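First comes the structure, then the notes that go with it.
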Amino acid sequence: MRRTRMIKLYDFPQSPHCQKVRLALSEKDLSYEKVLVDLTKNEQKTPEFLRLNPYGKVPVLIDDEEVIYDSTIINEYLEDEYPHPPLLPAQSGERARVRMFEDFADNSFTAQGNLLVAELRKPAEQVDRERVQRYRADLLRVLEFLERQLEGKEYIARTFSLADLAFVPRLLMLPTLGVEIPARLRNVLAWSERLKQRPSVKQLQQELASA
């Protein structure tokens with residue numbers, strides 16, 4: 001790990017948004033201290049935590065005196081402060097593409113995954129099977145869109161970036177959610193396997209397995 005200023009991450013291990021930040025920290029080889037915020041105990045709503053983030057959400061990152069919340073803003077901050085290795089392309093058009101796809105990942109892939117997780121965690125007799133099928137279909141539609149976007153590319157913006165990183169947390173959970181990437185989505189399958197070979201993603205998989 002590279003020596004840096006003191007970085008502290010307020011984290012809940014199962015949160016995909018926290019995982020997104022942990023992936024960025026790992027990609028940049030930054031050492032940091034984790035502070036557990038137990039969402040099951042509503043610790044994110046305590047007065048102490050609300051002083052860090054008035055929205056009462058994780059993650060929150062503290063870098064010396066700087067307090068930053070929201071996973072997308074945190075990762076952009078890390079890119080600004082610790083630019084090597086870069087997770088944003090040099091060209092403005094490609095940077096815009098990364099930001100659009102990161103937003104798309106958060107709002108169309110992670111969000112639908114979260115709804116599916118919440119539904120599947122209900123007692124069996126309370127699970128709405130129609131909702132489950134609808135959420136799974138929504139996730140597959142995102143993958144079909146990505147199939148077209150990945151044509152001729154190894155990564156969304158040609159090189160690995162914050163856009164790819166944003167999809168990883170829920171990509172790793174697809175088997176648990178009962179979603180299989182269809183064989184016809186060859187670009188997505190190759191991209192997914194490529195992501196899983198990255199040390200940062202392997203580390204996240206190990207963390208999830210031991211959680």
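Throughout, read-outs are computed from the coordinates displayed, never taken from laboratory work. The model shown is predicted, which means the values in this text are computed figures rather than measured ones. Neighbour counts run over all protein chains shown; Cβ positions are idealised from the backbone, glycine included.
General observations
- The listed residues are 62, 74, 68, and the only one of them that is hydrophobic (A, V, I, L, M, F, W, C), touching a strand residue (DSSP E or B) at 6+ places or on another chain (Cβ under 9 Å) and part of a helix (DSSP H, G or I) turns out to be 74.
- Any chance residue 60 is out of contact with any Phe, Trp or Tyr (no Cβ under 9 Å at 6 or more places or on another chain), of a type in the set (A, V, I, L, M) and under 20 Å from residue 28 (Cα atoms): no
- Residue match in the range 38-59 (condition: loosely packed, with under 14 Cβ neighbours inside 10 Å and within 13 Å of residue 18 (Cα to Cα)): yes
- Of the residues making up the range 90-101, at least one is farther than 19 Å from residue 6 by Cβ and among the β-branched types (Val, Ile, Thr).
- Selection status of residue 88, within 18 Å of the chain's Cα centre (by Cα), assigned to a loop (DSSP other than H, G, I, E, B) and touching a residue at least 40 places away in the same chain (Cβ under 8 Å): yes
- Cβ-Cβ under 7 Å pairs, at least 6 apart or on other chains, the range 99-126 side more than 21 Å from residue 14 (Cβ to Cβ), far side outside any helix (DSSP H, G or I): 101/156
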